[in-house]
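Structure first, commentary second.
The values are calculated or read from the model by the stated rules, or taken from the named source; none is laboratory data. Here the structure is a predicted model, which means the values were calculated and not measured. Cβ atoms come from the backbone with ideal geometry, glycine included; neighbour counts cover every protein chain shown.
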Amino acid sequence: MISLCLSFSFSGVRLVCVDVASDTEAVVGRVMKLTCIYCMKREEISAETKVDWFFIGEDKRKIYQFDREPQMPEDVEMYWKDRLTWKGSQDLQDISISILNVTLNDSGTYECEVSRFFEFNSFKHSTTKKTTIDLKVKMKGNRDTTALYSEIMMYVLLVFLTFWLLVEMIYCYRKISKSEEQHMENKVVAVRFQTDLLLSFDTALGHLTLSFFYSFFTIVYFVVSHFLLICLSVI
């Protein structure tokens, strides 16, 4: 579970804290957050907080602490060094830690012991809260159902988009083919029109040429005939 420490600002800042349980299953090689929440009911009262984290095996061993600042105990085992980090909030309502590079040997019981020392005028008071976490480490984590559904939807969407693209390609290909066929038909019609026009022109030109030669020879014949008649009359 994820700790919820929210702040809302109206006339001032008021802290809202929700105490939630920690996750109890970890996966080898990953980071595991051990959640520990201790909400303060009277935020206006100043308090000094001290936190001790223990690993309970054959004996109870302190593995981490917060005493004015997060730190590892001086006598902590080498096994835990550089593998624990502080994940608490600034107001110390969330006093969680994380285990880095989880191993199978990290399975077991962890205890978060929080002590608060309140002081209000001349009145002093202290409270202590203990939270126990039974951690189980697995080689593989359970697959997230949301991630699985998202992956399925992604593949379905890819198939749909591929099918849609294929349909669009076929449609465009057919449209282009029809355009090319129409263009070829128009081109054939234009060629036929040009051919018919040339044939008509050649025919008209042939008729015009025959008429011209006929008229020319008629004039020549008329001129020659008159010339011969004139010559004969002179003789």
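A few remarks follow.
- Within the stretch 54-73, tally of residues that are surrounded by 15 or more Cβ atoms within 10 Å (Cβ to Cβ) and either assigned to a loop (DSSP other than H, G, I, E, B) or of a type in the set (Lys, Arg) (or both): 4
- Residue 16 vs. criteria in a strand (DSSP E or B) and at pLDDT below 90: yes
- Residue within the stretch 74-82 that is part of a loop (DSSP other than H, G, I, E, B) and in contact (Cβ under 8 Å) with a residue 40 or more places away in the chain present: no
- Those residues of the stretch 96-127 which are under 16 Å from residue 72 (Cβ atoms), of a type in the set (A, V, I, L, M, F, W, C) and part of a strand (DSSP E or B), in sequence order: 97, 99, 112
- Among the conditions (1) in contact (Cβ under 8 Å) with a residue 40 or more places away in the chain; (2) surrounded by 15 or more Cβ atoms within 10 Å (Cβ to Cβ), residue 48 misses just one, which is (2).
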